[in-house]
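Notes follow once the structure below has been shown.
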Amino acid sequence: MSLFRYLLPLPLLALLPFANATAADKSFVGGGGMVRLSHPSSLMPTRNFAGRALLNSGWRQMWDGTPVGRGVGIVRFWQVAKPTDGQGQVTEMIQVGFSRSAGVVATCGTEGLVSGHAKRLPNRMLGGHRWTVYTNGDAGMSQQVNATNFRSVINGACYAIDRVTYAVKAAAPAGRNAPPQAVAAARMDAILATIKVGGRR
């Protein structure tokens, strides 16, 4: 669950049940059938794992400057939204990737996550598997990024789920049709809750 939810004022929190109720209306299967999830039909899955300032490109997020390592990006969803504080624009995002590289698998739960801004959270059960969870963040100039990073070794592969909030205060305001940040965040959190890895159960 995004940490931003706990920072939202009550009027915006009231929007969350509505956003969740309409989130799971289309299915996605990727990673050779090993990853399944549901997402709003208005959000298109992409394989574009480009980076941004403060945010590396690739199949998983790394916070200590080390290389991302051999792996494959499975899917990314994102939505530009109107930030809660009204300044610039914010992008709510979730992505899933995996690697079968032995070196990556050996350090799956910690590599790239233990930075100066990292905080270890309790392990979380998601889709029937236990995930190591960290929060991370960084800021510079007008950009700010906050993320919750999930890692798990499943069937011999390292899987990474990164739930990211990326704000740019100096950017042009989000378009008139862009949703409030609370709604976009709730949509990404709803996708996260449906992720299942490891084939059908």
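Points worth noting:
- Just so you know, in region 24-48 the residues that are of a type in the set (A, V, I, L, M, F, W, C) and closer than 15 Å to Leu192 by Cβ include one that is most open to solvent (accessible area, probe 1.4 Å), and it is Ala24.
- Annotation: of all residues in region 100-131 being open to solvent by 30 Å² or more (accessible area, probe 1.4 Å) and among the β-branched types (Val, Ile, Thr), the one that is nearest to Arg70 (Cα to Cα) is Val105.
- Selection status of Ala174, farther than 27 Å from Arg70 by Cβ, among the small types (Gly, Ala, Ser), open to solvent by less than 50 Å² (accessible area, probe 1.4 Å) and not in a helix (DSSP H, G or I): yes
- Taken over region 179-201, the residue count meeting the criterion of being open to solvent by less than 20 Å² (accessible area, probe 1.4 Å) and either among the polar types (S, T, N, Q) or more than 19 Å from the chain's Cα centre (by Cα) (or both) is 2.
- Residues located in region 95-137, provided they are of a type in the set (A, V, I, L, M, F, W, C) and over 27 Å from Leu43 (Cα atoms): Ala102, Val104, Val105, Ala106, Cys108, Leu113, Val114, Ala118, Leu121
- Scoring Ala157 on the criteria (1) surrounded by 19 or more Cβ atoms within 10 Å (Cβ to Cβ); (2) under 15 Å from the mean Cα position of the chain (by Cα) leaves a single failure, condition (2).
The values are calculated or read from the model by the stated rules, or taken from the named source; none is laboratory data. Note that this is a predicted model, so its numbers are computed, not measured. Note that we place each Cβ from the backbone using ideal geometry, even for glycine, and neighbour counts take in every protein chain shown. Ligands, DNA and RNA are stripped out before the accessible areas are found, and what is left, the full protein with its side chains, is counted by its heavy atoms. Shrake-Rupley method; radii C 1.70, N 1.55, O 1.52, S 1.80 Å.
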